[in-house]
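Undergrad: The structure under discussion is supplied below as structure tokens; questions concerning it will follow.
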Amino acid sequence: MQKSQTLFFIALLPPLEIQDYANQIKQHFALHYASRHAQKSPPHITLQPPFEWSDQNLPVLEVCLQEFASSQNPIPITLSGYGAFVPRVIYINVVRSPELLALQANLMTHLANQLGIVDKVSQTRPFAPHMTVAFKDLTRQNFRSAWSEFEKGELYFEFTANNLTLLRHDGKQWNVKAEFPLASGDR
């Protein structure tokens, strides 16, 4: 009998007021550019792209993430303006800080070493932190129109990421499964 495999990914979620702001932008894309796919997950910065994991082994994954998170300090995050992966993705730009790059690299190494979770694509290109607001169902024509609207758009937020978040796909959308507090730094 085959074990049930579910899709998961690991991310940093901004505070609720920033999530609300990003969700308003996603709603704008849904209404004006017929791009709704980004609404299937909470606003987030992906650290570990989606991977399959057995529901039966979920406690093993959660213990591994708890151990990792407890050894990492909360990190400052800056969101500044918009960016794009031509021709289909528009995102809120996440400033590449040494702390964020180190957290992501350390998490990928930890998951590979402890659980054998490896994202082949991530190994072939540098980490590009971002918070997607439109993708997949954004047509090339709508991308051009939307990008001309958002390219020079101003946006600026700063926050401290205090948790790693495990998200689980339910077959329709991504939901928060668990949060793992990052160490306070003074332990």
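The values are calculated or read from the model by the stated rules, or taken from the named source; none is laboratory data. This is a predicted model, so every value here is computed, not measured. Virtual Cβ from ideal backbone geometry, glycine too; neighbours counted across all protein chains shown. These accessible areas exclude ligands, DNA and RNA; they are computed on the full protein's heavy atoms, side chains included. Shrake-Rupley method; radii C 1.70, N 1.55, O 1.52, S 1.80 Å.
Undergrad: Any lysines with Cα under 25 Å of the residue 120 Cα? List them, leaving off those in the same chain fewer than 8 positions away.
TA: Partners found: 3, 40, 136, 172, 177.
Undergrad: Per 5 Å bin, what is the whole-percent P(r) computed from every C-alpha pair distance within the stretch 33-104?
TA: Bin by bin from 0 Å, the calculated values are 3, 10, 16, 21, 18, 14, 11, 5, 1.
Undergrad: Still on this structure, I have one more. With everything on Cα atoms, drop me the angle between helix 140-150 and the longest principal axis of the chain, reported from 0 to 90° to the nearest 10.
TA: The angle comes out at about 90 degrees.
Undergrad: Among 45, 60, 159, whose Cα lies farthest out toward the positive end of the dipole of the stretch 35-174, if unit charges sit on the beta carbon of Lys, Arg (+1) and Asp, Glu (-1)?
TA: 45
Undergrad: Does anyone have the angle between helix 16-33 and the longest principal axis of the chain? Alpha-carbon axes, 0 to 90°, nearest 10?
TA: The angle comes out near 50 degrees.
Undergrad: Tell me which label goes with the value of mean projected area of the Cα convex hull in nm² computed from the coordinates here: [x] 10.7; [y] 11.3; [z] 17.6.
TA: So the calculated entry is the one marked [y].
Undergrad: Pop a pseudo-label 7 angstrom from the Cα along the beta-carbon direction at both residue 183 and residue 101 and give the gap in nm to one decimal.
TA: Going from the residue 183 label point to the residue 101 one covers 2.2 nm.
Undergrad: Along the charge dipole of the stretch 98-147, Cβ charges K/R +1 and D/E -1, which of 106, 127, 139 sits furthest on the positive end?
TA: 139
Undergrad: Follow-up. Put +1 on the Cβ of each Lys and Arg and -1 on the Cβ of each Asp and Glu in the chain; which of 91, 73, 175 then has its Cα farthest toward the positive end of the dipole?
TA: It is 91.
Undergrad: Can you compute the charge dipole magnitude of the chain about its Cα centre, using +1 on each Lys and Arg Cβ and -1 on each Asp and Glu Cβ, nothing else charged? Give it in debye, rounded to the nearest 20.
TA: On the way: 16 positive and 16 negative charges, 148 e Å.
For the chain, the charge dipole is close to 700 debye.
Undergrad: Express in nm, to one decimal, how much length is gained between residue 160 and residue 140 on full extension, taking 0.36 nm for each residue of separation and deducting their alpha carbon distance.
TA: Numbers: separation 20, 0.36 × 20 = 7.20 nm, distance 3.47 nm.
My answer for the length gained is 3.7 nm.
Undergrad: Considering only protein heavy atoms, what per residue accessible area in square angstrom results for the stretch 38-141 with a 1.4 angstrom probe?
TA: 48
Undergrad: Roughly how many debye, to the nearest 20, is the charge dipole of the stretch 1-96 about its Cα centre, given +1 on each Lys and Arg Cβ, -1 on each Asp and Glu Cβ, and no other charges?
TA: Dipole size: approximately 420 debye.
Undergrad: In addition: Could you please state, rounded to a whole Å, how far the C-alpha centre of the stretch 162-185 is from the C-alpha centre of the stretch 52-72?
TA: That distance is 11 Å.
Undergrad: If you stretched the chain out fully between residue 67 and residue 119, how much longer would it get, using 0.36 nm times the residue separation minus the C-alpha to C-alpha distance? Don't skip to the answer; put the middle values down first.
TA: Working: separation 52, 0.36 × 52 = 18.72 nm, distance 2.05 nm.
Additional length available on full extension: 16.7 nm.
Undergrad: Given the rule -39500 (n - 2.57) for each run of at least 4 DSSP H residues, summed and divided by the residues of the chain, what is its mean residue ellipticity at 222 nm, to the nearest 500 deg cm²/dmol?
TA: Computed ellipticity for the chain at 222 nm equals -11000 deg cm²/dmol.
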